[in-house]
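Here the structure is laid out as structure tokens; the discussion comes afterwards.
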């Protein structure tokens with residue numbers, strides 16, 4: 001075994017120690033509720049996520065804080081960034097087929113009875129806009145500059 | 001008491017944390033480092049898990065793209081266990097009678113080095129213009145670059161390994177991690193037909209623009225295939241498979257990196273069997289100077305420049321229009337520095353009436369194919385939009 005292998009093992013050992021110590025550190029403080037691990041977990045009615053909503057946007061994720069956005073936070077953003085949602089526009093059928101693709105190819109779990117609520121949220125808040133074969137360039141005021 | 005426990009636990013892990021932080025640095029780029037820490041601040045982040053970062057077109061003005069202005073398209077999470085000294089590349093597969101493994105040092109010492117400027121463009125560059133919208137990262141025009149890659153020819157390595165006559169395809173495997181955290185799941189494993197693999201410019205690269213490849217771009221080893229969707233250029237390359245059939249790794253299968261075999265109306269659902277794998281990218285061009293939004297004086301000469309490329313082909317002509325494509329003016333077009341490099345163009349435009357204008361650019365490839373002025377061939381995943389690039393200009 002080489003010295004490199006030893007230091008690699010040391011790193012692995014230390015990483016494990018770190019994880020264990022972190023778990024101890026977190027669980028030692030009983031006053032603080034365990035962090036909500038984004039998973040299949042059901043969202044409770046008085047969602048703690050609501051406290052992070054500013055001007056209708058859930059600030060940590062950038063998602064529109066419409067009804068059932070918590071389901072999207074919990075089910076979608078544990079694997080990928082919320083930006084993959086907020087930059088896309090799809091109909092209900094389109095969002096459904098994306099979910100099916102993620103289940104088939106990317107290890108997304110069965111969304112059960114939450115699926116329809118998730119699709120409804122996405123189709124309402126991230127719907128296609130009607131555009132022609134090419135958009136106008138639509139520059140914002142501050143994008144104009146004087147070219148010498 | 002509870003708080004005592006917590007504090008002492010934190011004290012216990014601090015040395016371990018420090019050790020991990022100081023030992024996770026590889027080369028000049030940290031594995032866990034946010035690439036936006038060193039990418040140009042104007043870069044557009046479409047996604048940060050996985051990283052997908054676009055270059056605003058005016059930042060592509062350099063003859064060859066500096067690393068801090070290169071777009072990033074990752075499919076999974078970057079590997080964290082990279083060690084160039086221990087890195088190996090294994091070549092195996094149905095068409096490899098005796099599989100072979102090389103260390104990175106062996107690859108570097110055994111085979112001749114070549115450097116080529118190669119265009120890498122995401123297959124989905126331009127996707128944001130698709131209507132109805134296509135799913136995925138909503139790239140505008142800037143998921144493209146042309147960097148100088150240094151490495152050994154894939155052909156030389158395959159000849160050293162010895163492959164059989166029935167070889168059809170070469171597929172890659174890297175060491176990136178799946179977003180779901182499933183360690184057994186391969187993130188992406190694409191490739192190219194053997195004919196493309198055997199081209200002079202197809203490299204197993206270990207350097208980019210004269211330095212180690214940054215982690216986010218594939219350190220320490222990357223398959224680099226110019227002119228084809230950049231997803232064919234596998235990062236963190238650890239294994240190549242020479243197949244006796246079309247490679248079937250994740251994201252080889254339709255609809256990924258595939259388009260309909262026959263044109264379809266926008267929004268059509270296309271069965272997998274009616275899709276085909278994208279090969280060479282289409283002809284395209286961008287105006288990198290001036291940046292869109294220029295305000296000029298009446299009659300002022302506006303110098304216009306940029307790059308044009310055409311997948312496997314050469315660009316034969318570049319034209320500009322200031323009247324929405326009613327008339328076109330040919331501009332100077334440079335020769336490529338090598339095959340599969342982009343080609344610079346430059347010209348100038350004088351606008352003689354006040355008002356709002358758009359400058360459009362259109363390139364034509366050596367087979368006479370040019371760029372459409374509207375978004376071409378809608379396809380389910382929004383690939384291959386090579387519509388003319390446009391910038392807005394105002395004359396006062």
- Message: Could you sort the peptides B:216-227, B:93-104, B:321-332 by per-residue average Cβ neighbour count (10 Å cutoff), highest mean leading?
- Response: B:216-227, B:93-104, B:321-332
- Item | Shielding by other protein chains, A:81-90, mean Cβ within 10 Å | 6
- Arrange the following residues from fewest to most other Cβ atoms within 10 Å of their Cβ: B:38, B:139. B:38, B:139
- Message: For a quick check: sort B:242, B:168, B:259 by the number of other beta carbons within 10 angstrom, fewest at the front.
- Response: B:168, B:259, B:242
- Task: Just report the Cα centroid separation between the stretch B:251-319 and the stretch A:56-83, whole Å.
- Result: 33
- Note on the structure: Taking a crude spin-label model, label points 7 Å out from Cα along the C-beta direction, the residue B:303 to residue A:137 distance in nm is 2.0
- Message: As a test of the definition: which semi-axes, in Å, follow for the stretch A:48-125 when you take the square root of five times each eigenvalue of its alpha carbon gyration tensor? Largest first, please.
- Response: 20, 13, 12
- Query: Put a dot 7 Å past each Cα toward the Cβ at residue B:273 and residue A:93; how far apart are the dots in nm?
  - Reply: 2.2
- Honestly the protein assembly as shown on the Cα gyration tensor test (a ≥ b ≥ c root eigenvalues; a/c under 1.5 rounded, otherwise a/b vs b/c for prolate or oblate) is just oblate
- Query: Using the count of nearby Cβ atoms within 10 Å as a rough guide to exposure, how do B:158, A:108, B:203 rank from fewest to most?
  - Reply: A:108, B:158, B:203
- Task: Summarise the partner chain shielding of A:104-111 as one whole number: the mean count of Cβ atoms from other chains within 10 Å of each residue's Cβ.
- Result: 3
- For the stretch B:284-395, how big is the tail of P(r) above 22 Å, as a whole percent of Cα pairs? 33
- Can you give the mean number of other chain Cβ atoms that lie within 10 Å of the Cβ atoms in peptide B:46-54? 4
- Note on the structure: Of all C-alpha pairs within the stretch B:31-277, those more than 34 angstrom apart amount in percent to 14
- Message: Give me the one-decimal nm value for the distance between modelled label points at residue B:80 and residue B:211, 7 Å along each residue's Cα-to-Cβ direction.
- Response: 2.5
- Note on the structure: To the nearest 10 degrees, the tilt of helix B:2-23 (Cα long axis) against the first principal axis of the alpha carbons of chain B is 70
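Bear in mind these aren't lab numbers, they're just calculated from the coordinates by the rules spelled out. Bear in mind the structure is a predicted one, so any value in this text is a computation, not a measurement. Cβ sites come from the backbone with ideal geometry, for glycine too, and all protein chains shown count toward neighbours.
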